[in-house]
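First the structure, then my questions, so here it is.
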Amino acid sequence: MEEGGRIIVVSNRGPVTFSRGESGEREHSRGAGGLVTALNAVVRRAENAVWIASAQSEEDLAVAKEPAPYEVEDLRIRLVEHDPKSYDLMYNVLANPLLWFVQHGLYDLPYSPALGEETRRAWEEGYVPVNRNFAEAVVETAAGEESPTVLLHDYQLYMAPLFVRERLGGDVFISLFVHIPWPEPDLWRVLPGYVREGVLESLLAADVVAFHTRRYARAFAETAAAVLGAEVGDGVVRYRGREVWVREYPISIDPEEFEELAGSEAVLEQEKYVKGLPGKLLLRVDRTDLSKNVVRGFAAYGRMLERHPEMKGEVTFLAQLQPSRTDVPEYAEYMEAVGRTAEEVNERHGTDSWRPVELFMEDNFPRSVAAYKNFDVLLVNAVRDGMNLVAKESAVINEKNGVLVLSENAGAHEELGEHALTVNPFDVDEQADAIHAALTMPEAERERRAKALRDTVKSNTIEDWVEAQIEDIESYRERHG
Ligand code: G6P
């Protein structure tokens, strides 16, 4: 890595959000989501790396105006100010829902999406200018640097590879990491032509396009062949005389970070609550995202209680859901549906002394970590999920030989599936059965599975994830000069 120039990491959501404290001094808090934690590992590894992200808060805007990257907690951060209207169109119309929904297969296709003028406007006046703005920040940060390495992250930035390439030419190494599923070609074709082709053309202006699983990497190559007629080889896509590597690097976690967190004051405090819940603990920890399949999860739990009334009072389902993207109408409606379904289960099965579901729609990370330590069963039943780090984070600190019930459509299934109980996320009965099997599994089997999960996660940590990418960047550079 030392041979290449400065590393520039770019993601829409930054590692920290700034605010003003009561006495007027600048404060910061950690950004949300697993992606941010992972990128921390990349940036901390390289000297001089700069992390570019969107300014979100008012104080972020003040930071964005500062000429040099802002240093905080060993990180150099450069925040980008976007035109608020463009950002709104990018975030709330084009990226979430459209791209996110297509890539997670969330549309009810006979009815939606209904593409039209609004879509085109969101693309032209939102997504494209926001991506140009990011590219501009990359160009400024790379000024005077020889052979910079630009690591772009996720579906908010699909047009950035092209815009950076246009400005910096062949000397710059560009990768784009897609942290969400890549769908089969026919699903990608739901997008209007200008998005469908525009995004692919841009991604193929990068040197490496990366995913969490083989399944997504293959689907991407197939999509590039089907939509653009690109030539596809083993891990390589050739297009317009360029060779683009299509790779998978399954993202992971820092086990030590979670082991430390597990013993922290805040977590120990929350553990009092978690341990006081009646019966065995069934847990889920997610953002309130449609892709997470929360409603079917509650329905499956309800069905399990119907089929096994002897389980009543013997289990509590704790759902820790962090509110997300609440300005997108589909998300707001989903939060209501989540609340309603939990209530239905409670009304139908609850008693005076037992509430079957404890639902929290708020951000409380210490409580989630406390629950990671204490669950008997973890439900990860996503419709589709890029990876799902909750499955990995909890495996390293769980103290109960907890069983993982895992969707076959979560990226984590490629690594963890054989030690979990696999479910089809659309099959409510199967999930009900899996929850019951997990709750009643003999201790010896629980122990064997939990150990295998823990060992698997520890055999591929976030350090390995970073290392694998760095090795490929070096090989790519050696090969392509
Ligand atoms: C997922 C996406 C990330 C995103 C995160 C939080 O993990 O892959 O790109 O940052 O969700 O979503 P938000 O819209 O709040 O940034």
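Assuming R0 = 41 Å, what is the FRET efficiency of LYS458 and ARG479, from their Cβ-Cβ distance, to the nearest 0.05? Each step should come with its number before you reach the end.
On the way: r = 32 Å, r/R0 = 0.79.
Computed FRET efficiency for LYS458 and ARG479 comes out at 0.80.
Could you grab the relative contact order for the range 255-459? Cα pairs under 8 Å, six or more apart, rounded to a whole percent. The partial results should precede the final answer.
Numbers: 369 pairs, mean separation 50.8, N = 205.
Relative contact order of the range 255-459: 25 percent.
Tell me, rounded to the nearest percent, the portion of alpha carbon pairs in the range 71-138 spaced more than 16 Å apart. Walk me through the intermediate numbers first.
Working: 1258 of 2278 pairs.
Here the long-distance tail beyond 16 Å is 55 percent of all Cα pairs in the range 71-138.
Next up: Could you sort ASP464, ASP108 by accessible area so the largest value comes first, with the probe set to 1.4 Å?
Values: ASP464 65, ASP108 85 Å².
Result, largest first: ASP108, ASP464.
Can you tell me the Rg and Dmax of the chain, counting just the alpha carbons, in angstroms?
Radius of gyration, then largest Cα-Cα span, for the chain: 22.6, 71 Å.
Using the Cα centre of the chain as the reference point, and only Cβ charges (+1 on K/R, -1 on D/E), how large is the resulting charge dipole? Debye, rounded to the nearest 20. Provide the component values of the computation, followed by the final result.
On the way: 52 positive and 85 negative charges, 150 e Å.
Dipole about the Cα centre, nearest 20: 720 debye.
I would also like to ask the following. Spin-label point model (7 Å from Cα, Cβ direction): what's the GLU330 to GLU408 distance in nm?
The two pseudo-label positions are separated by 2.4 nm.
Would you mind giving the average projected area, over all directions, of the Cα convex hull of the range 275-376 in nm² with one decimal? Write out the running numbers ahead of the final one.
Numbers: hull surface 25.0 nm².
That works out to 6.2 nm², a quarter of the Cα hull's surface.
Report the Stokes-Einstein translational diffusion coefficient (µm² s⁻¹, integer) for the range 26-134, Rh taken as the Kirkwood radius over Cα pairs, at 4 °C with viscosity 1.567 mPa s.
Value of D from the Cα-based Kirkwood radius: 82 µm²/s.
So how much accessible area does MET90 have, in Å² to the nearest 10, using a 1.4 Å probe?
0 Å²
In whole angstrom, how far apart do the alpha carbon centroids of the range 89-156 and the range 404-447 sit?
What the calculation gives is 34 Å, centre to centre.
With every protein chain left in place and a probe of 1.4 Å, what is the accessible surface of ARG242, to the nearest 10 Å²?
Accessible area, nearest 10 Å²: 70 Å².
What FRET efficiency comes out for GLU362 versus ARG214 if R0 is 51 angstrom and r is the Cβ-Cβ distance? Round to the nearest 0.05. Could the numbers behind the result be given before it?
Numbers: r = 36 Å, r/R0 = 0.71.
With a Förster radius of 51 Å, E is 0.90.
With both bridge residues required to lie in the range 255-459, what share of the DSSP beta bridges run antiparallel, to the nearest 5%?
Details: 1 of 24 bridges.
Around 5 percent antiparallel, to the nearest 5.
Oh, and also: Tell me, what is the FRET efficiency for GLU166 and ASP429 to the nearest 0.05, using R0 = 45 angstrom and their Cβ-Cβ distance as r?
Values: r = 52 Å, r/R0 = 1.17.
Taking R0 as 45 Å, the efficiency between GLU166 and ASP429 is 0.30.
What whole number of Å gives the distance from the Cα centroid of the range 264-340 to the Cα centroid of the range 33-83?
That distance is 33 Å.
Here is a follow-up. What spacing in nm lies between the two simple spin-label points modelled at VAL236 and SER57, each 7 Å away from Cα in the Cβ direction?
Placing both labels 7 Å along Cα→Cβ, they lie 4.8 nm apart.
How much length is gained if the chain between GLU443 and ARG44 is pulled fully straight, taking 0.36 nm per residue apart and subtracting their Cα-Cα distance, in nm to one decimal?
Values: separation 399, 0.36 × 399 = 143.64 nm, distance 4.06 nm.
Contour length minus Cα-Cα distance gives 139.6 nm.
To continue, here is another question. Say each of GLU222 and SER353 gets a label point 7 Å from the Cα, pointing the same way as Cα to Cβ; how far apart are those two points in nm?
Modelled inter-label distance: 5.4 nm.
Next up: Specify whether the C-alpha gyration tensor of the range 104-174 places it in the rounded, prolate or oblate class, a ≥ b ≥ c being the square roots of the eigenvalues: rounded for a/c under 1.5, otherwise prolate if a/b is larger than b/c and oblate if not. Don't jump to the answer; show the numbers that get you there.
Values: a/c = 3.90, a/b = 2.39, b/c = 1.63.
Here the range 104-174 falls in the prolate category.
Consider a paramagnetic label point 7 Å from the Cα of GLU136 along Cα→Cβ; state which residues of the range 63-93 have an amide N under 20 Å from it.
The answer is 63-70, 77-92.
Still on this structure: P(r) for the range 255-459, please, calculated from all Cα pair distances in 5 Å bins and given in %.
Percent of pairs per bin, in order: 1, 8, 17, 21, 23, 18, 10, 3, 0, 0.
Stokes-Einstein diffusion coefficient for the range 366-444 at 20 °C in a medium of 1.002 mPa s, Rh from the Kirkwood formula over Cα pairs: what value in µm²/s? Let's see the in-between values first.
Working: Rh = 12.6 Å.
My calculation gives 171 µm²/s for D.
From the helices alone, meaning DSSP H stretches of at least four residues, give me the mean residue ellipticity at 222 nm for the chain, per-run term -39500 (n - 2.57), in deg cm²/dmol to the nearest 500. List each step's numbers first, then the result.
On the way: 20 runs with 214 residues, N = 481.
So the helix-based figure for the chain works out to -13500 deg cm²/dmol.
The values are calculated or read from the model by the stated rules, or taken from the named source; none is laboratory data. Keep in mind that what you see is a predicted model, and the values were worked out from it rather than measured. With ideal geometry, Cβ positions are generated from the backbone for all residues, glycine too; neighbour counts draw on all protein chains shown. Note: accessible area is taken over every heavy atom of the protein model, side chains too, but ligands, DNA and RNA are not part of it. Shrake-Rupley method; radii C 1.70, N 1.55, O 1.52, S 1.80 Å.
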